Every structure is written in C-alpha cells, then in structure tokens.
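Read-outs throughout are calculated quantities, based only on the coordinates presented, and are distinct from any laboratory measurement. The shown structure was predicted, so the numbers you read here are calculated from the model rather than taken from an experiment. All Cβ positions, glycine included, derive from the backbone under ideal geometry; neighbour counts span all protein chains shown.
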Amino acid sequence: MQIDMPAPAFTLQDQNAVQRNLADYRGHWVVLYFYPKDDTPGCTTEACHFRDDYVEIKKLGADILGVSIDSEKSHAAFARKFSLPFPLLADKDGAVAKQYGALWGIWPVRFARRHTFLINPEGNIARIYRKVDPSKHSAELIAAIKELSGHTP
C-alpha cells in the first residue's frame, strides 16, 4: 500500500446487514480504519472519539468505516453499546485486512492491526497511518482532511 495508489475495492456487510461497497463512497473522503476487536479498551477509545467527532468529520465531506474480523453480531452489540453512528464492517475471513496489509496473526488467532487509510474522493489513498494513538487519532484525521481538502481552520 502506498500513497496515491487506488484503494483496493471491497464489499463487506455492516452491523445492520447492509452491504457496503467502497466504490459507493466515491466523491467523499473515507476514513477506513482497521481495529483489533470490538469492545476492548483501545478499540472502544478510538471508536468513541470517532463518534464524538462524527458531525465534524461529516461536515468535511468524509465517511467513517470501521473494519475488524469480528462478526456482524459482535459489531451490532458494540455499536449499540457505545451509540456508534457509522458502519462497522465484518471482515470475518480477514481478506480485506490482508489486502490493506492490516491482518496479523497465526491461525486460529488473527486480528486486524490498528491501521487507518484516508482515501480521497477519487478513491486513492491519501494518507496511511500504521502507528495509531486511539485517543488522538480522530483529531489527527480531521486535521489531515482539512489540510488535504484545502479547508481553512
């Protein structure tokens, strides 16, 4: 994965049994964030910061998509517990995480690493975050979208 390359296409089901296709988000910025496990401390911190900043992120023309190898049922419980307003995608076989270089583990223990890809409205990777601080990441992405899209502070 490199900056300016097309983001790999995918279709995954979210916590509400809706099929989400990356191509459907063309024309928008996409925060595609991979995370290890629903309802764990770091993942909850990251998701709740995205939730708290959701309105600001949407005003910048961006959508948030969370991805882990957890099931749709697990995602639904996590989203409900923390009132998460964005899709959580079930990559149960880890194929999408693997495409993005975010899959880690040795069978049967596998999970998505905490990596984020900021995808521009043309569908290309604009930024890659391999080292993520869950408590600061949402603000970091807001700043990046503003910078890259030319929004004034």
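Can you put H137, H75, H28 in order, fewest other beta carbons within 10 Å first? Spell out each step's value before the answer.
Details: H137 21, H75 24, H28 15.
Exposure proxy ranking, most exposed first: H28, H137, H75.
For the range 80-123, how big is Rg over Rh, using alpha carbon atoms and the Kirkwood form of Rh?
Numbers: Rg = 12.9 Å, Rh = 12.4 Å.
Expressed as Rg/Rh, it is 1.04.
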Rg and Dmax [Cα atoms of the chain; Å; Rg one decimal, Dmax integer]
14.2, 47
List Y35, Y54 from most exposed to least, where exposure is judged by having the fewest other Cβ atoms within 10 Å.
Y54, Y35
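Expressed in nm to one decimal, what extension gain is obtained for the pair V109 and I128 from 0.36 nm per residue of sequence separation less their Cα-Cα distance?
Details: separation 19, 0.36 × 19 = 6.84 nm, distance 2.49 nm.
Fully extending the segment from V109 to I128 adds 4.4 nm.
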Okay, which of the range 60-94 sit inside 18 Å, backbone N to the point 7 Å along the Cα-Cβ direction of T45?
82
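Give me the percent of DSSP beta bridges within the chain that run antiparallel, rounded to the nearest 5. Mind showing how you got there, number by number?
Numbers: 18 of 27 bridges.
The antiparallel fraction comes to roughly 65 percent.
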What nm value, rounded to one decimal, do you get for the distance between D93 and S149 when each label is placed 7 Å out toward the C-beta?
3.4 nm
